[in-house]
Amino acid sequence: MDTFKRILDDVDEVDLTPMIDVTFLLLIYFMVTTMLKQPEAELSIQLPGKPQNSDAKPMEMLKVRVGDEGEVYLNGSEIEDGFDLTMPDLVANLKTQKGMRDQLISSGARSKEEAELKVEIESSGIAEHQSSISVLNACSSAGVNKVTFTFQ
């Protein structure tokens, strides 16, 4: 009975020192390995600014329209590519336009802001997306960097 009383009266104690040490080690580990958010000032983003020459009038942009059935029109005249996904006629026309405008820039007749080739792709709401993507690929093949989209 004496042994039984001693077992019941015995109080167990837990030493919290190792647990506190482990907690601090984990805290230090997560503080060291966490990537902090990069400040926005250090991001390399070029924001649009106002044009250098305010009196410069840009040349008219080319308008490419994708019809309801996937037919493609360049400035109102239909491109006869026969629904070829590579659109060689459109690429040739765009390369010609880009070459003429690049020649104007290199000769100094026009500034880059004025003569740079810009293309506006207008797509019908019911046209297949592949047609618009093919036009976009044709622009890329011709070296056109400035493209905008509009929808009917």
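The values are calculated or read from the model by the stated rules, or taken from the named source; none is laboratory data. Predicted, not measured: the structure shown is a model, and the values here were computed from it. Ideal geometry is used to build each Cβ from the backbone, glycine not excepted, and the neighbour counts take in all protein chains shown.
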Filtering the range 68-82 down to residues that are touching a residue at least 40 places away in the same chain (Cβ under 8 Å) and outside any loop (DSSP other than H, G, I, E, B) yields Val72
Within the range 55-90, tally of residues that are of a type in the set (Phe, Trp, Tyr) and either surrounded by fewer than 13 Cβ atoms within 10 Å (Cβ to Cβ) or more than 18 Å from Thr148 (Cβ to Cβ) (or both)
1
Looking only at the range 38-67, and only at residues there that are part of a loop (DSSP other than H, G, I, E, B) and at pLDDT 85 or above, the one that is farthest from Ser132 (Cα to Cα):
Glu60
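So that you can scan it fast, the table gives a plain yes or no per residue for (1) outside any helix (DSSP H, G or I); (2) surrounded by fewer than 17 Cβ atoms within 10 Å (Cβ to Cβ); (3) touching a Gly at 6+ places or on another chain (Cβ under 9 Å):
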position: Ala92; (1), (2), (3): no, yes, no
position: Thr96; (1), (2), (3): no, yes, no
position: Arg101; (1), (2), (3): no, no, no
position: Glu113; (1), (2), (3): no, yes, no
position: Gly125; (1), (2), (3): yes, yes, no
position: Ser134; (1), (2), (3): no, no, yes
position: Asn137; (1), (2), (3): no, yes, no
position: Thr148; (1), (2), (3): yes, yes, no
Pairs, first closer than 13 Å to Glu71 by Cα and touching a residue at least 40 places away in the same chain (Cβ under 8 Å) in the range 102-130, second hydrophobic (A, V, I, L, M, F, W, C) and exposed (fewer than 15 other Cβ atoms within 10 Å of the Cβ), C-beta under 9 Å, six or more apart
Ile121/Phe149; Glu122/Phe149; Glu122/Phe151; Ser123/Phe149; Ser123/Phe151; Ser124/Phe151; Gln130/Leu85
